[in-house]
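These notes are about the structure you will find just below.
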Amino acid sequence: MSRGHTALVYEDEPARFGAALAASKLRTGGGASVGPLRRDDDFDPPELPGPEWVRIQPRLSGICGSDLAAVNGQSSRWFEPIISLPFVPGHEVVADHDGTRVLIEPVLGCAARAIEPRCDPCAAGDLGNCERLANGCIEPGLQTGFCESTGGGWSTEMIAHPSQLHEVPAELDDESAVMVEPAACALHGALAAGVSPGESAAVIGAGTMGLAAIAALARWTPPSALLVAAKHGHQRELSLELAGPVPASAVEPSEIVRASRRLTGSMMLGSGAHQRVAGGVDVTIDCVGTAESLRAALAITRPRGRVVVIGMPGVTTVDLTPLWQREISVRGAYTYGTESLGGEQIRTFALAMELVASAGLGRLVSATYPLERATDALVHAATAGSRGATKIAFDTRSKK
Amino acid sequence: MHHGEQFRLEKLPADRSRIIYPPEPLEPIEDPDAAIREALESPIDSEPLRALLHAGMKLTIAFDDISLPLPPMRRPDIRQRVIEAVLDLAAEAGVDDVHLIAALALHRRMTEDELRHAVGDRVYDALAPRGQLYNHDAEDPDALVVLGETRHGEEVQISRRAAESDLVVYVNINLVAMDGGWKSTATGLSGYQALRHHHNPATMKKSKSFMDRHSSELHSSNWRQGEVLRNSGVKVFQIETTVNNDIYGDGPMQVLAKREWEWNLADRATFMAARAGLDRMSPPARRKVMHGWRAPYGLTSVQAGEVEAVHEVTTENVYRQQLVEVEGQTDVVLFGLPYISPYNVDSIMNPILVHCLGLGYFFNMYRGKPLVREGGVVIMSHPTAPEFNPVHHPSYIDFFEEVLVETTDPVEMEQRFEKRYADDEWYRHLYRTGNAYHGVHPFYMWYWGAHALDHVGGVIVVGGDPGTVRRLGYRPATTMADALEMASDVVGPRPSITYFKNPPLMMADVK
Ligand SMILES: [Zn+2]
Ligand SMILES: [Zn+2]
């Protein structure tokens, strides 16, 4: 067991948890400096829980919205039974394994847990829907990066089950490779939207998820017209670029209701918080997951239309009357597994690698930080949009 | 200097600046009602109105809408005086099939209050309850007819009621030289199908200016449509009126009618107090005060009869009040834009209307050549807030959010966006049932500035919201000094500067 590893460790300390909540109200990302995250420069990587497990050394590891929620003490208590403390965050990981660059598919399903027979979703390849997230040979944890037994990407060493590993094709550089996991989430959501030819779509939010979802729609199920709501100018520009040949317009979030009315040539009803399009787009993908974005999604989606929620909502208050009155279907989209595309079953990760390469999503990695600058990194990630950035990652390559 | 709903006082470099002031108000006609009766009895190139009226006929009286005059007129409105005189004659002749139509083309419908203000309570109460007084509806397919095409292939469309009437009497207020003539009927009582033939960038670029009928392609097109109307048997008896430029009267703003160098201490104090008072008010209160102002105006002429002959005389009367001789063009022209334009009476002057008032109206207030030289700079003073009245200008909001972020080029927006806005069901609904301008109207407002956009080297807005100003394709400046500095970058150092002190309205006759 080699010593001298570094990791950022998320600990179970209620007092610090409270401090993070207070700080996060002051400044987005401000929780980083006082939150339940501690740097350990004398970190012991986890023991291998079974003979198949292997040690890997992270190269790049992204910071995701769910990580920020945890660091800021804003995670839903829903997660309590499916995480185990303390854990090392980091589930968007490109790493070295015996001289080979690998990506990890972080979901900890039946295979990694050595559970036989596998649960129905795992047997069907729908890894994200595993029903045994708290069982088996490792501690509870929905993914690597939320599980005590595995370590995580925000460190110099962690462990993985071979079923989680994908070799990185030579043509993908590290920055591109670290985008594969978030791209897989986004494309899983985009395909869940089931856009048929001739249907219109809206994407709310143009951070990493929104931009990758736009690229996925354009690549596999191009809508007849696409509307994007994005707070920041660079996000609107990237949205239009990634939409490629799809007729697209990108507007500020406050303009989304009027813009979707224009797009669909529909009528408008109500005013203020109750203003909505009488018809609307066929499907809306909400990549934000706040009360505001969900409200907007329900206001711009036509009766019997679909809303797919990719952004993690947490505890949210939303008037669901439109869901009922307009018979809108709302579904979530979490991680990935297997997609059916043109009658074929394909691993989401395989599609994601293709998408990252073809849409050039590596350019969305805006900045990388060493683990020693965790606070700066987390603040940058939390304020990425307003600072013209998209994806922030930790870079541990110099540690080798 | 006008600055939206406020005022600014600016210093200009003394050695190379000139200020062009509007002429003094003309003496008004003392007995307007007598003058109106006289015009109806002895019309130009026409039998007296009395002789054209007979029992059993269909009579339609159309009148200019809320866009005229600016600011609105104190009661009784000239329209009321004229319409009452016409209705008296009609009653004497035993005419009872009379319709009164507000000829608003694609403007917003007038409210009951506004209609009452224009035609008077007596006329309103007599006709409106019986459905004989109403707003023109350019989107009612049953209420419009296409009468044919001009020799240039322009469709001619007009209110069915007007087309089927034995006589159409049109009642104008010719505030500026652009108003009246065949534009009254060919535009005011028409619809998008016909209007698009002259309300477009190509026509606007060829109208130099549209305040000078004989150099205005906009008018040539309307005149061609008028020819088709006449040949189709639509009989028009045109009544045109002109008013003087007494907009401030004895009101709190009367000091603005004076030339600054004539201001005495009391005038300065009055101005300062008025400005401070306005600055202290909340924006809604300020808006209410400004829009509540009703100008005293005096009638300076009334002429009736054959459309074209009448219009020639009217134009002379407008010029008599408004034309100012100006020696040569200028490098930089300054406009202080007020709170009101023809399209925001009792409403908000949104950024698109700022463009229209500055580059559409003020820039075009010339005969001969533009006041500012080719490649020169226009500096406008206005807050240019990104504010819209959602009831009156719904499609303007979309235009601002969708079209202007893509392009400020009139030709490009016409090709890419105009038709969708013109055909949008929602705008159509709001135009027909609410008080909204037609969906296509913001495009027309932008086209109004097409000639200016071709001509000038740059537009700078002083004291405007910077983001909004940039979206309009202009450059924002905080102070007049900054603006003049920025202008020098375009036209060279020490440019000649002309402050064109509109309003009251005037026209530059540039030699
Ligand atoms: Zn994630
Ligand atoms: Zn499972």
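Here is how the numbers come out for the structure above:
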{"item": "Members of region B:45-64 found to be assigned to a strand (DSSP E or B) and surrounded by 19 or more Cβ atoms within 10 Å (Cβ to Cβ), listed by number", "result": "B:Leu59, B:Thr60, B:Ile61, B:Ala62, B:Phe63"}
{"item": "Cross-chain or 6+ apart pairs with Cβ under 6 Å, region A:126-151 first and closer than 20 Å to A:Gly189 by Cβ, then away from ligand 1 (no atom under 16 Å from the Cβ) and not in a loop (DSSP other than H, G, I, E, B)", "result": "A:Asn129/A:Pro121; A:Cys130/A:Pro121; A:Cys130/A:Cys122"}
{"item": "Near pairs, Cβ below 6 angstrom, 6+ apart or cross-chain, from region A:103-121 (away from every other protein chain (no Cβ under 14 Å) and under 16 Å from A:Thr150 (Cβ atoms)) to any residue that is near ligand 2 (Cβ under 9 Å from one of its atoms) and not in a loop (DSSP other than H, G, I, E, B)", "result": "A:Val107/A:Leu127; A:Gly109/A:Cys122; A:Gly109/A:Leu127; A:Cys110/A:Cys122"}
{"item": "Unique residue being open to solvent by less than 10 Å² (accessible area, probe 1.4 Å) and not charged (D, E, K, R) when the list is B:Ala257, B:Ala186", "result": "B:Ala186"}
{"item": "Those residues of region A:313-329 which are open to solvent by less than 80 Å² (accessible area, probe 1.4 Å) and out of contact with any Lys or Arg (no Cβ under 8 Å at 6 or more places or on another chain), in sequence order", "result": "A:Pro313, A:Gly314, A:Thr316, A:Thr321, A:Leu323"}
{"item": "Residue list for region B:459-472, restricted to those being open to solvent by 50 Å² or more (accessible area, probe 1.4 Å) and outside any helix (DSSP H, G or I)", "result": "B:Asp465"}
{"item": "In region A:120-157, residue surrounded by the fewest Cβ atoms within 10 Å (Cβ to Cβ) [restricted to those that are closer than 24 Å to A:Arg101 by Cβ and more than 16 Å from ligand 1 (Cβ to nearest atom)]", "result": "A:Thr156"}
{"item": "Qualifying residue in region A:323-340 (condition: closer than 22 Å to A:Glu181 by Cα and in a helix (DSSP H, G or I))", "result": "no"}
{"item": "Qualifying residue in region B:384-394 (condition: open to solvent by less than 10 Å² (accessible area, probe 1.4 Å), in contact with a helix residue (DSSP H, G or I) (Cβ under 9 Å, 6 or more places away or on another chain), within 13 Å of chain A (Cβ to nearest Cβ) and over 17 Å from B:Asp331 (Cα atoms))", "result": "yes"}
{"item": "Residue list for region A:81-100, restricted to those being outside any loop (DSSP other than H, G, I, E, B) and either within 14 Å of chain B (Cβ to nearest Cβ) or away from ligand 2 (no atom under 16 Å from the Cβ) (or both)", "result": "A:Phe87, A:Val93, A:Val94, A:Ala95, A:Asp96, A:His97, A:Thr100"}
{"item": "Hey, B:Ile29 open to solvent by less than 40 Å² (accessible area, probe 1.4 Å), among the β-branched types (Val, Ile, Thr) and in a loop (DSSP other than H, G, I, E, B) or not", "result": "no"}
{"item": "Any hit, region B:328-349, residues being open to solvent by 10 Å² or more (accessible area, probe 1.4 Å), within 14 Å of another protein chain (Cβ to nearest Cβ) and over 16 Å from the mean Cα position of the chain (by Cα)", "result": "no"}
{"item": "In region A:101-119, the residues that are open to solvent by less than 50 Å² (accessible area, probe 1.4 Å), assigned to a strand (DSSP E or B) and away from ligand 1 (no atom under 16 Å from the Cβ)", "result": "A:Val102"}
{"item": "Residues of region B:239-255 satisfying the condition of being in contact with a strand residue (DSSP E or B) (Cβ under 8 Å, 6 or more places away or on another chain) and at negative phi", "result": "B:Ile239, B:Glu240, B:Thr241, B:Thr242, B:Val243, B:Asn244, B:Asp246, B:Ile247, B:Tyr248"}
{"item": "Subset of region B:397-439 (residues that are assigned to a loop (DSSP other than H, G, I, E, B) and away from every other protein chain (no Cβ under 14 Å))", "result": "B:Thr408, B:Asp409, B:Asn435, B:Tyr437, B:His438"}
{"item": "From the options B:Glu262, B:Glu217, residue that is open to solvent by less than 60 Å² (accessible area, probe 1.4 Å) and either without any contact (Cβ under 8 Å) to a residue 60 or more places away in the chain or among the small types (Gly, Ala, Ser) (or both)", "result": "B:Glu217"}
{"item": "Single residue of region A:364-377 satisfying the filter (of a type outside the set (Phe, Trp, Tyr) and either touching a Ser or Thr at 6+ places or on another chain (Cβ under 6 Å) or without any contact (Cβ under 8 Å) to a residue 40 or more places away in the chain (or both)) that is nearest to A:Ala177 (Cα to Cα)", "result": "A:Leu364"}
{"item": "Flag if B:Glu308 is farther than 24 Å from B:Val391 by Cβ, more than 19 Å from the chain's Cα centre (by Cα), part of a helix (DSSP H, G or I) and charged (D, E, K, R)", "result": "yes"}
{"item": "Scope region A:190-208; condition part of a helix (DSSP H, G or I) and of a type in the set (A, V, I, L, M, F, W, C); matching residues", "result": "A:Ala190, A:Leu191, A:Ala192"}
{"item": "Qualifying residue in region A:119-130 (condition: farther than 17 Å from A:Tyr336 by Cβ and modelled with pLDDT under 95)", "result": "no"}
{"item": "Residue in region A:158-192 that is farthest from ligand 2 (Cβ to nearest atom), counting only those that are surrounded by fewer than 23 Cβ atoms within 10 Å (Cβ to Cβ) and β-branched (Val, Ile, Thr)", "result": "A:Val168"}
{"item": "Residue satisfying condition, being open to solvent by 10 Å² or more (accessible area, probe 1.4 Å) and within 14 Å of chain B (Cβ to nearest Cβ), within set A:Glu199, A:Glu237", "result": "A:Glu237"}
{"item": "Failed criterion for A:Ala114 (all others in (1) more than 16 Å from ligand 2 (Cβ to nearest atom); (2) of a type outside the set (D, E, K, R); (3) at pLDDT 85 or above; (4) on the phi > 0 side of the Ramachandran plot hold)", "result": "(1)"}
{"item": "Inter-residue pairs, beta-carbon under 6 Å, first within 15 Å of ligand 1 (Cβ to nearest atom) and in region A:172-190, second among the polar types (S, T, N, Q), 6+ apart", "result": "A:Pro182/A:Thr208; A:Ala184/A:Thr348; A:Cys185/A:Thr335; A:His188/A:Thr348"}
{"item": "Residue satisfying condition, being free of Cβ contacts under 8 Å to residues at least 12 places away in the same chain and over 21 Å from B:Ser165 (Cβ atoms), within set B:Asp125, B:Asp88", "result": "B:Asp125"}
{"item": "Elements of type strands (runs of 3 or more DSSP E) contained in region B:126-174, each with 2 or more residues being more than 21 Å from B:Asp65 (Cβ to Cβ)", "result": "B:144-149"}
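Quick grid of which residues meet (1) farther than 30 Å from A:Asp41 by Cα; (2) modelled with pLDDT of 95 or more:
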residue	(1), (2)
A:Arg347	yes, yes
A:Ala350	yes, yes
A:Leu355	yes, yes
A:Ala359	yes, yes
A:Gly362	no, yes
A:Pro370	no, yes
A:Thr375	no, no
A:Ala382	no, no
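The values are calculated or read from the model by the stated rules, or taken from the named source; none is laboratory data. In this text the structure is predicted, and so the values were computed from the model without any measurement. For neighbour counting, all protein chains shown are included, and Cβ atoms are generated from backbone atoms with ideal geometry for every residue, glycine included. Side chains included, ligands, DNA and RNA excluded: accessible areas come from the protein's heavy atoms. Shrake-Rupley method; radii C 1.70, N 1.55, O 1.52, S 1.80 Å.
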